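Everything below concerns the one structure shown next.
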Amino acid sequence: MPKKNDFKVFVGTIVHSDDVNSLDILQNTALGVKGEKIIFVADEGDLDILQEEYGFRNDVIQRLTPFQFLMPGFIDSHVHAPQYYNAGPNRSIPLLDWLTTITFPTEAKFADTKFAEVAYTKAINRLMRLGTTTASYFATLHVDSTLILADIAEKLGQRAFIGKVSMDTNCPDFYTEYSLQHAIDDAERFVHLMNVKDYTRVKPIITPRFAVSCSGELMKELALIADRNNLRIQVCCKYQKLLHR
């Protein structure tokens with residue numbers, strides 16, 4: 001029989017979707033969770049049968065109010081985690097000016113791991129409170145602070161791809177890779193350290209900042225790292241025409 005804390009059963013309205021064109025609203029529904037897996041979704045009328053089959057106790061059953069419902073968590077496929085501190089204001093500034101005067105100086109502060117820990121904890125907590133249970137993150141150039149982002153996501157229970165940003169050209173002097181070889185070494189070190197940690201919810205992702213911020217040589221090397229380690233790649237693409245002007 002499962003232990004009390006292994007099982008949770010929610011009874012009420014469940015909302016979900018199997019594709020982008022449909023929305024299913026399941027009223028008077030029982031949803032059973034054991035550990036981290038949903039093991040049944042059934043009619044509330046079958047609750048006694050389910051209780052006998054799975055052996056859960058009455059005190060693990062949580063009944064939703066008429067104004068509550070359960071739904072799958074949101075997935076954010078593009079999050080710049082260090083921009084938590086500069087999100088919202090200065091929206092009228094052109095992109096390049098915004099990057100050079102606000103965003104890059106803010107991201108440079110993440111060389112300080114204590115600063116990074118505070119910022120990333122706030123950022124992930126905010127996303128989780130708003131229902132984002134999976135995210136693909138752009139971090140900063142800094143390996144150590146990016147590993148902190150991964151630790152926090154794992155600790156708080158968020159599924160995530162974590163990307164240590166790579167950028168070696170068209171960048172300010174205070175926020176750029178020291179050299180091509182340094183960029184390659186840091187990317188490889190980041191992937192290695194992520195793999196050593198053997199997270200259950202978090203994986204590394206190769207992350208060139210955007211094409212014009214990476215030399216052709218660096219892009220090729222990052223592709224090789226991704227290929228050797230069977231990793232995904234993420235990059236900002238939409239801004240290329242604007243950044244070339």
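Each value in this text was obtained by applying a stated rule to the coordinates, not by laboratory testing. As the structure is a computational prediction, the values presented were derived from the model and not from experiment. Virtual Cβ from ideal backbone geometry, glycine too; neighbours counted across all protein chains shown.
Okay, here's what the table says:
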| quantity | calculated |
| --- | --- |
| Amide N proximity, region 149-165 versus Arg201 label position 7 Å along Cα-to-Cβ, cut-off under 13 Å | 150-161 |
| Of all DSSP beta bridges in region 1-160, antiparallel share, percent nearest 5 | 60 |
| The chain: relative contact order as a whole-number percent, Cα under 8 Å and 6+ apart | 14 |
| Within a Gaussian network of the chain (alpha carbon springs, distance under 10 Å), most fluctuating of Arg209, Arg232, Arg57 | Arg57 |
| Relative contact order (%) - region 1-74, alpha-carbon pairs under 8 angstrom, separation at least six | 42 |
| Restraint check, Lys109/Lys197; Lys37/Lys114; Lys155/Lys220, Cα-Cα greater than 29 Å | Lys37/Lys114; Lys155/Lys220 |
| Simple Cβ-charge dipole of region 106-186, Lys/Arg +1 and Asp/Glu -1, about Cα centre, in debye nearest 20 | 620 |
| Structure-derived Cα Rg over 2.2 N^0.38 Å - corresponding label in (1) 1.24; (2) 1.18; (3) 1.05 | (1) |
| Candidates Gln158, Gln181, Gln234: whichever shows maximal mean-square fluctuation once the chain is modelled as a Gaussian network with Cα springs under 10 Å | Gln181 |
| Farthest positive-ward along the chain dipole, Cα basis, beta-carbon charges - from Asn90, Ala226, Met167 | Asn90 |
| Linear extension gain, Cys237 paired with Asn21, 0.36 nm per residue minus alpha-carbon span | 75.1 nm |
| Within the chain, helix-based [θ] at 222 nm, where runs of 4 or more DSSP H residues each add -39,500 (n - 2.57), nearest 500 | -10500 deg cm²/dmol |
| More than 17 angstrom apart: percent of Cα pairs within region 11-118 | 69 |
| Of the DSSP H helices in the chain, those whose Cα atoms cover at least 18 Å axially and whose Kyte score averages 0.5 or more | 143-156 |
